[in-house]
Each structure stands twice: as C-alpha cells, then as structure tokens.
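K.L.:
Next up is a structure, given as structure tokens.
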Amino acid sequence: MLGAGGIFRANANKEYTLHEVVLSAPIPNPPTVRDFYAFEQHVKAARAKRGLGMIPEWYEIPTFYFSNNGEIYGHDEDIPYPTGSKELDIELEIAVVIGREGKNIPVEEAGSYIAGYTIMNDWSARDFQRLDMQLNLGPGKGKDFATSIGPWLVTPDELVTR
C-alpha cells in the first residue's frame, strides 16, 4: 500500500520507497485487449495525412482491433523493439478496464462494467503498419509487439466529476 511521501508498506513492520519496488502493469495478463479508434480528432488527423476526409461510417460503430494481450509491459519495463523496424512510435492513451463479463451492453449500463482506468502506451512500428494496411487486413505486425499499461489503476469512484 502506498502511504504518504511515496512510502510503501508491505506489512506493518517494513517500509519501502518507490525506488525499492518494481511497479508492474496493473492488469499483467488481461484476457483480451481491444484498442479503439475512438478519438475523433486523431481519426481526422490520421485520415488527413493520407489525403482523406472523415467518413460517416466512423460515427456508426465503435472501431477497434485486438492487440496482443501476451505482450503487456509495466512501468519502466524494456520494450522489445521489432526487428527491422525503423519507425517506432507510441500513442499515449487512456485504458478502460472492464471488470465483469458482458455482451451487447446498453449504453446506460456501460459505466457499471468499468473496474477502473489506467494509462496505456500503444506501441507501433509505423513502417510495418503501413505494409499491413496495404493488405487490407488491419494492423498486424506493426502493432502486436508491445503495449505498456499502468502503473496505477484508478477506480471510477476515485474520479471527481463536476
């Protein structure tokens, strides 16, 4: 447990500073990772770079790809760069951690499925990704080698809304 001044207490008798502990990913082995194409400004900017305008279909259905849930990395862990890539990139994102099973969940009930939020870095080999996308199969080799999350998981009740 983190206490005042960045002191961790493993039990009542021992304290550790932040520099003495390893902060792991808050969900080290998620059953699935879905990365959504959800930030409108990002979608517009990415399409504009390719000389394309926004398409109405983007507003009709949530668009995502399955990321590699076997390649999750925590705070300060070394990332295995993909061999041969010369264009490594990251996207800082917020991750929503779903805490219970569900399917076809009504929008008004969606919030009750959220266990918490954390920070996520979506690592991309952009040169590989461009090749993947030319094959019309979606992001494959360019996106499957690493996702960093954490180190903290913030529960919905910890967020203040105004």
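The values are calculated or read from the model by the stated rules, or taken from the named source; none is laboratory data. The shown structure was predicted, so the numbers you read here are calculated from the model rather than taken from an experiment. Neighbour counts run over all protein chains shown; Cβ positions are idealised from the backbone, glycine included. Protein only, heavy atoms only, side chains kept; ligands, DNA and RNA dropped before computing areas. Shrake-Rupley method; radii C 1.70, N 1.55, O 1.52, S 1.80 Å.
K.L.:
Too long at a 22 Å Cα-Cα cut-off: which of Lys86/Lys141; Lys103/Lys141; Lys49/Lys86?
P.N.:
Listed pairs above 22 Å: Lys103/Lys141.
K.L.:
Still on this structure, please answer the following. In whole Hz and in residue order, list the ³J(HN,Hα) couplings for segment 102-109 that follow from phi through the Karplus curve 6.51 cos²θ - 1.76 cosθ + 1.60, θ = phi - 60°; x for Gly and Pro.
P.N.:
After applying 6.51 cos²θ - 1.76 cosθ + 1.60, I find x, 8, 6, 6, x, 3, 5, 9 Hz.
K.L.:
Within the chain, which is the longest segment that contains none of the chymotrypsin sites (Phe, Trp or Tyr not before Pro) sitting in a DSSP loop with at most 14 other Cβ atoms within 10 Å?
P.N.:
Longest gap between qualifying sites, sites excluded: 40-151.
K.L.:
Could you give me the ³J(HN,Hα) list for segment 132-140, computed from phi with Karplus coefficients 6.51, -1.76, 1.60 and θ = phi - 60°, whole Hz, x at Gly and Pro?
P.N.:
Using θ = phi - 60°, the values come out as 3, 5, 5, 8, 6, 10, x, x, x Hz.
K.L.:
Roughly speaking, what is the centre-to-centre gap between segment 142-162 and segment 117-137 when only Cα atoms are used, to the nearest Å?
P.N.:
19
K.L.:
When the accessible area of the chain is split by element with a 1.4 Å probe, what percent falls to carbon and sulfur?
P.N.:
Answer for the chain: carbon and sulfur cover 56 percent of the accessible area.
K.L.:
Continuing with the same structure: Before I look further, what does segment 4-162 give for accessible area per residue, probe 1.4 Å, in whole square angstrom?
P.N.:
On a per-residue basis, segment 4-162 sits at 72 Å².
K.L.:
Still on this structure, please answer the following. For segment 26-36, in order, what is each residue's ³J(HN,Hα) by Karplus, 6.51 cos²θ - 1.76 cosθ + 1.60 with θ = phi - 60°, in whole Hz (x at glycine and Pro)?
P.N.:
Result, ordered by residue: x, 10, x, 9, x, x, 7, 9, 10, 9, 8 Hz.
K.L.:
Once you sort the root eigenvalues of the Cα gyration tensor of the chain as a ≥ b ≥ c, which label holds: rounded (a/c under 1.5), prolate (a/b larger than b/c) or oblate (the other case)?
P.N.:
Working: a/c = 2.32, a/b = 1.44, b/c = 1.61.
Oblate, because a/c is 1.5 or more while a/b does not exceed b/c.
K.L.:
Calculated FRET efficiency, Asn29 and Met133, Cβ-Cβ r, R0 25 Å, to nearest 0.05?
P.N.:
Between Asn29 and Met133 the formula returns 0.30.
K.L.:
Among Pro30, Ala125, Asn13, whose Cα sits farthest toward the positive end of the charge dipole of the chain (+1 at Cβ of Lys/Arg, -1 at Cβ of Asp/Glu, about the Cα centre)?
P.N.:
Of the candidates, Ala125 comes out farthest on the positive side.
K.L.:
At most 10 other Cβ atoms within 10 Å and a DSSP loop assignment: could you name the trypsin sites (Lys or Arg not before Pro) in segment 40-97 that fit?
P.N.:
Within segment 40-97, the qualifying trypsin sites (Lys or Arg not before Pro) (loop, at most 10 other Cβ atoms within 10 Å) are Arg50, Lys86.
K.L.:
Mean separation of Cα pairs under 8 Å and 6+ residues apart, divided by the residue count of the chain: what relative contact order is that in percent?
P.N.:
Relative contact order of the chain: 24 percent.
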